[in-house]
1. Taking the conditions exactly as written (in contact with a Leu (Cβ under 7 Å, 6 or more places away or on another chain), within 16 Å of the ligand (Cβ to nearest atom) and not assigned by TED's automatic domain parsing to the domain that holds Val141), does Asp268 satisfy them or not?
2. It is to be established whether one or more residues within segment 240-261 are touching a helix residue (DSSP H, G or I) at 6+ places or on another chain (Cβ under 6 Å), in a helix (DSSP H, G or I) and touching a residue at least 60 places away in the same chain (Cβ under 8 Å).
3. State whether one or more residues within segment 215-223 are under 30 Å from Met23 (Cβ atoms) and crowded, with 19+ Cβ neighbours inside 10 Å.
4. Got a sec? Which of Phe96, Phe107 is of a type in the set (Phe, Trp, Tyr) and more than 25 Å from Ala18 (Cβ to Cβ)?
5. Tell me, yes or no, whether segment 159-169 has at least one residue that is among the β-branched types (Val, Ile, Thr), part of a helix (DSSP H, G or I) and surrounded by 21 or more Cβ atoms within 10 Å (Cβ to Cβ).
6. Looking at segment 338-353, which of the residues that are of a type outside the set (Val, Ile, Thr) and either without any contact (Cβ under 8 Å) to a residue 12 or more places away in the chain or near the ligand (Cβ under 10 Å from one of its atoms) (or both) is nearest to Asp306 (Cα to Cα)?
7. Among the residues of segment 79-108, which ones are farther than 23 Å from Leu161 by Cα and surrounded by fewer than 17 Cβ atoms within 10 Å (Cβ to Cβ)?
8. Going by the conditions given, is Pro182 buried (at least 19 other Cβ atoms within 10 Å of the Cβ) and of a type outside the set (Gly, Ala, Ser)?
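The values are calculated or read from the model by the stated rules, or taken from the named source; none is laboratory data. As the structure is a computational prediction, the values presented were derived from the model and not from experiment. Positions of Cβ are backbone-derived with ideal geometry, glycine not excepted, and every protein chain shown enters the neighbour counts.
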Amino acid sequence: MYLTREEEKILAGEYGYAYSKAMEILVAIGKIYKASKLIEISSAHISGVSYKNIGEEGLKFLSSLAIEGRVRVPTTLNPAGFDTHKWKEMGINKEFVEKQMEVINIFRRMGIRPTLTCTPYYKENLPSKGEHVAWAESSAVTLINSLIGAYTNRESGISALAAALIGKTPLYGLHTPEGRQPTYTIQVKAKLRKLSEYGVLGYLIAKEMGNKIPLIKGIDNANMDMLKYLSASLATYGGTPMFHAEGLTPGYDTYEEPRDKLTIDGEDLKRGFEELRDDLDNVDMVWIGCPHASLEELKYISEVLDGKRVKRRLVITTSRVLLDEAREMGLLDNIYNAGGEIYADTCIIVSPIGEALSGVLTSSTKAYYYLKGVHKLNVYVADLDECLNYALGGN
Ligand code: F3S
């Protein structure tokens, strides 16, 4: 990979350890993927924030970078292990809190905004069409490539941090037109109206075609929340970093329609739901907000819960900035009065609270994958309405 004189100096350590380490990581990735050079990025988003996931080793590595490393582009952070305002209410132990706050403060020292959300595109970090960025958090990567028309590879927490410190990323994959070429056409014949249906659609597509990039036809009425569920599912079950949706993805019509075709109808969708449903009786939490809930979702939940009381534990996760906005709009009162819990900065998967559960009802297919695969829980996927109805005591 070609390096400028300046980049070589960074690699040689002339600007200190953090930058030379970051450059070493970018060069190693560039070599693996045969990148021609580094290109400038306009933002980064970093995952691997929860102390539960990175542990002492991760903390040490980040500390070594933070002595002198400062990010060169606006950079945001994925969720941490608890709500930074409500860790007591969540039952998080003090030692974990201290370690987690140390991690967050290290990122802060490097100039990174501790947004602690997996949906920074709603408010804090929305790239524009055609911008090159370096993002981790697979659901967000797929969404911004596909709906916004930004350009990012699916970065790891470390490679996104390295890119943020240098302000550049290797030119390969989704940063190039060839790397965004669709290779499969998906014709959606099912009438999709609900968020979780988009999650199940992503699950079905990913099961068939793995990490290939699809051109999806028949979802041109989908909104950002729907595509958020689709993106999370495609990225989780197939590792797909982007899709082209006819009528939605900027530049989708510059590619020829792939000949390989798959049709998904209502029956397929039904089968998909069945595959993502364990035992509903063995559920001790209803969880909404994977990826973090939008303002629209909070508004809807608030309307449904107006004047009611939940009979089963209901937890909603969202970003701090949307939580504050929802509070100002008066949307939280109905949820709290109904007995619902709302947490920002975190989610059930990256927080230790998931470990104490036995079963979860959720609107998210991504949550199904991790709660079942990592936490070994009993999980049942249903739509938002069904989740709320169940929390209110229905069956
Ligand atoms: Fe976000 Fe946690 Fe789901 S980070 S995408 S809410 S697993």
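1. Working: in contact with a Leu (Cβ under 7 Å, 6 or more places away or on another chain): yes; within 16 Å of the ligand (Cβ to nearest atom): no; not assigned by TED's automatic domain parsing to the domain that holds Val141: yes.
Considered against the rule, which asks whether it is in contact with a Leu (Cβ under 7 Å, 6 or more places away or on another chain), within 16 Å of the ligand (Cβ to nearest atom) and not assigned by TED's automatic domain parsing to the domain that holds Val141, Asp268 comes out as no.
2. Scanning segment 240-261, I find no residue that is touching a helix residue (DSSP H, G or I) at 6+ places or on another chain (Cβ under 6 Å), in a helix (DSSP H, G or I) and touching a residue at least 60 places away in the same chain (Cβ under 8 Å), so the answer is no.
3. Taking every residue of segment 215-223 in turn, none turns out to be under 30 Å from Met23 (Cβ atoms) and crowded, with 19+ Cβ neighbours inside 10 Å.
4. Working: Phe107 fails: more than 25 Å from Ala18 (Cβ to Cβ).
Criteria check complete, one pass: Phe96.
5. The answer is yes, given that some residue of segment 159-169 is among the β-branched types (Val, Ile, Thr), part of a helix (DSSP H, G or I) and surrounded by 21 or more Cβ atoms within 10 Å (Cβ to Cβ).
6. Looking only at segment 338-353, we keep the residues that are of a type outside the set (Val, Ile, Thr), and these are 338-341, 343-345, 347, 351-352.
From what is left, the residues that are either without any contact (Cβ under 8 Å) to a residue 12 or more places away in the chain or near the ligand (Cβ under 10 Å from one of its atoms) (or both) are 347, 351.
On the way: Cys347: 24, Ser351: 28 Å.
Filtering segment 338-353 for residues that are of a type outside the set (Val, Ile, Thr) and either without any contact (Cβ under 8 Å) to a residue 12 or more places away in the chain or near the ligand (Cβ under 10 Å from one of its atoms) (or both), the one nearest to Asp306 (Cα to Cα) comes out as Cys347.
7. Matches in segment 79-108: His85, Lys86, Lys88, Glu89, Gly91, Asn93, Lys94, Glu95.
8. Numbers: buried (at least 19 other Cβ atoms within 10 Å of the Cβ): yes; of a type outside the set (Gly, Ala, Ser): yes.
Yes, satisfied.
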